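Reviewing the structure listed below.
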Amino acid sequence: MQKRSCLSQRCDNMANLNTLDSTENPSQKRLTLSSEMDAGASVDRISSLPDSVLCYILSFLPTTKYAVGTSILSKRWKFLWTGVPYLLFDDDRVRKSPERVRKFEQFVNKVLLLSTVQNILKFRLCCGNELIEPFYVNAWISTAIIRNVRVLKVVVFDYRRADVVIELPSCLFTCRTLEDLELWDNLDINTPNLVCLPRLKRLTLSYVQYRNDESVGKLISGCPILEFLDISRYGFDNVTVFVISSPSLKQLRFRGNDDFPENLHYKVAINTPALESLDYSNHIWQHIDVNFQNITSLVRAKIDVEAFPGDDPPQSGFCNSLVELVQALHGVKILTLSQETMKALSYATTRLSTRRFEGLTKLVVRAGCCEWTCLQDLVEVAVNLEVLDFTKAINLDAFDMHKNWHREHTTESCWRDPIEVPRCLITSLKQISFEELEGFEDELAMIGYILKHGSVLNRMHLSSKVGGLSTKFQLTQKVLLFPRRSPTCQIAFCGKLDHGPFSASHSPMGET
């Protein structure tokens, strides 16, 4: 009974409290809540965080200038920026006046002097070299190297004095902590006899100049675990034989330039046994020779090579060397060829069909009506091809205008059925995509041939950007009437009209 009376008393007390709360003035409630919010707002919760956390937050700012700007917030923030391991200096406006150049130099010097970081995670320097002192650039890079920098990016640009370059310090080529290095524009790479970059995995060299041919080989050979290499060349960079030889390289992007003296013979040699991804763009005229060696591990390759120095058709000898270049990729699994590459291959006298691509499972090409033969050759040599992505291109060069005019004003088809059905059509080709079709007879002939002989074809996707709804409907009807060898083949057609999308799909009902 005593326990029950105590419990009853507690319940009565709670009820009285609820009654008091319900009868309290609402305005008094709001006043109390507002006071509590003001008290909470006066507390600087961010400044109470540890220095390591605040420095981590400051590292996400675009440049170091913004991090230094936080020093005016309070005494707590005055020197907090000195512990940020990301030093990012970007100022493309230093070319405007000598005063601005001096201020930029003073700012970088002051930051490096006050910074307490002994292990810099990333150092980025982007500036112009018209008025910048080369001494300072070398000193800044050397300071970053002394402080064990991991990621280093240096961009020294100048649009009015492109012939002026800044020589990099020799200590850069023996940095044992560097993992990612990017060098851009007006920089001179003069590699010493000893190059040792034991941790470097990523290297980008864009529009730089080299002292000689040996500079390239020494730099790449001094990176024993290099995995990614990005090369962009311009004009005459003092290298006539560009050799890329690395046993560890997995990804390569190479961009050439056509602004070379015609009296010199250039050569590009690539020897990378572990290479998995290749993105190659260059010009293969009379003075450029490209050679791929030992690239048996290649998974995907993208080739964009131009063989047209002007409005005249290229000589077949130059285009035959391109055939050899493509054939060197016979072990690749995914191959992408640009319109310029297909156009150059169409002028070669050497056929692609002399070498099988047994590992190729996906082919991506962009070609016009003049390159049907090259497409047939590629499909013929890709004996295990499973996916074909084809984009129709319009040839606009002067020597192709007559072919296009003849094609549009006659009913003659540029497509010729192969003498023998390609092996992949019978055994492996499952998916085909044709983009930007125009509905010409040669296109329909190619589609009809593939449908007729594609024994294991599962899906064909067609798209067009020309014509109205009636044109697309007529094209759809023509394709759907083609006989299909594969009973499981589905045809999907979609096109973009001015007033909305148009799409249609159809699958056979037990046709053989």
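The values are calculated or read from the model by the stated rules, or taken from the named source; none is laboratory data. Since this is a predicted model, take the numbers as computed values, not measurements. Don't worry about glycine lacking a Cβ; one is built from the backbone with ideal geometry, like all the others, and counts go over all protein chains shown. To get the accessible areas, we keep the full protein, side chains included, count just its heavy atoms, and leave off ligands, DNA and RNA. Shrake-Rupley method; radii C 1.70, N 1.55, O 1.52, S 1.80 Å.
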Within the stretch 93-117, take every residue that is of a type in the set (S, T, N, Q) and either open to solvent by less than 90 Å² (accessible area, probe 1.4 Å) or over 17 Å from Trp81 (Cβ atoms) (or both) and give me the one that is modelled with the lowest pLDDT.
Ser97
Residues satisfying the stated conditions in the stretch 198-216, i.e. modelled with pLDDT under 95 and either in contact with a helix residue (DSSP H, G or I) (Cβ under 7 Å, 6 or more places away or on another chain) or open to solvent by 30 Å² or more (accessible area, probe 1.4 Å) (or both)
Tyr207, Gln209, Tyr210, Arg211, Asn212, Asp213, Glu214
Does Ser221 satisfy the condition of being surrounded by fewer than 17 Cβ atoms within 10 Å (Cβ to Cβ), free of Cβ contacts under 8 Å to residues at least 60 places away in the same chain, closer than 15 Å to Pro134 by Cα and out of contact with any strand residue (DSSP E or B) (no Cβ under 6 Å at 6 or more places or on another chain)?
no
Just to verify a result, which residue in the stretch 162-180, among those that are in contact with a Lys or Arg (Cβ under 7 Å, 6 or more places away or on another chain) and of a type outside the set (Val, Ile, Thr), is most open to solvent (accessible area, probe 1.4 Å)?
Arg176
May I ask you to verify whether Leu360 is out of contact with any strand residue (DSSP E or B) (no Cβ under 9 Å at 6 or more places or on another chain) and of a type in the set (A, V, I, L, M)?
no
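Scanning for something modelled with pLDDT of 90 or more and over 15 Å from Leu425 (Cβ atoms), does the stretch 345-352 turn up at least one residue?
Initial filter on the stretch 345-352 (modelled with pLDDT of 90 or more): none.
No, the conditions are met nowhere in the stretch 345-352.
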Go through the stretch 184-197 and report how many residues are out of contact with any Phe, Trp or Tyr (no Cβ under 9 Å at 6 or more places or on another chain) and modelled with pLDDT of 95 or more.
0
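Identify all residues within the stretch 347-360 that are open to solvent by 40 Å² or more (accessible area, probe 1.4 Å) and not in a loop (DSSP other than H, G, I, E, B); write none if there are none.
Start the filter on the stretch 347-360 by keeping residues that are open to solvent by 40 Å² or more (accessible area, probe 1.4 Å), which leaves 347, 349-351, 353-356, 358.
If the condition is that a residue be open to solvent by 40 Å² or more (accessible area, probe 1.4 Å) and not in a loop (DSSP other than H, G, I, E, B), then Ser353, Thr354 are the ones that fit.
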Is there a residue being modelled with pLDDT of 85 or more, closer than 21 Å to Val156 by Cβ and not aliphatic (A, V, I, L, M) anywhere in the stretch 76-87?
yes
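Which residue is most open to solvent (accessible area, probe 1.4 Å), if the candidates are limited to the stretch 416-447 and must be assigned to a helix (DSSP H, G or I) and under 14 Å from Trp372 (Cβ atoms)?
From the stretch 416-447, those assigned to a helix (DSSP H, G or I) are 423-427, 441-447; that's our starting set.
Add one more test, that the residue is under 14 Å from Trp372 (Cβ atoms), and what stays is 441-447.
Values: Glu441: 98, Asp442: 4, Glu443: 3, Leu444: 13, Ala445: 36, Met446: 3, Ile447: 2 Å².
If we take residues in the stretch 416-447 being assigned to a helix (DSSP H, G or I) and under 14 Å from Trp372 (Cβ atoms), then Glu441 is most open to solvent (accessible area, probe 1.4 Å).
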Looking only at the stretch 253-307, filter to residues that are aromatic (Phe, Trp, Tyr) and farther than 18 Å from Leu337 by Cβ; which one of those is modelled with the highest pLDDT?
Tyr266
Only residues in the stretch 134-147 that are surrounded by fewer than 21 Cβ atoms within 10 Å (Cβ to Cβ) and basic (Lys, Arg) count as the first member; pair them with residues that are assigned to a helix (DSSP H, G or I) and modelled with pLDDT of 95 or more, Cβ under 9 angstrom, at least 6 apart or cross-chain, and list the lot.
Arg147/Leu112
If you go through the stretch 118-131 one residue at a time, how many are open to solvent by 40 Å² or more (accessible area, probe 1.4 Å), among the hydrophobic types (A, V, I, L, M, F, W, C) and closer than 25 Å to Ser97 by Cα?
1
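When you scan the stretch 44-74, how many residues do you find that are part of a loop (DSSP other than H, G, I, E, B) and touching a strand residue (DSSP E or B) at 6+ places or on another chain (Cβ under 9 Å)? Steps first, please.
To start, the set of residues in the stretch 44-74 that are part of a loop (DSSP other than H, G, I, E, B) comprises 44-50, 59-63, 73-74.
Still in the running and touching a strand residue (DSSP E or B) at 6+ places or on another chain (Cβ under 9 Å): 59-63.
Number satisfying all stated conditions: 5.
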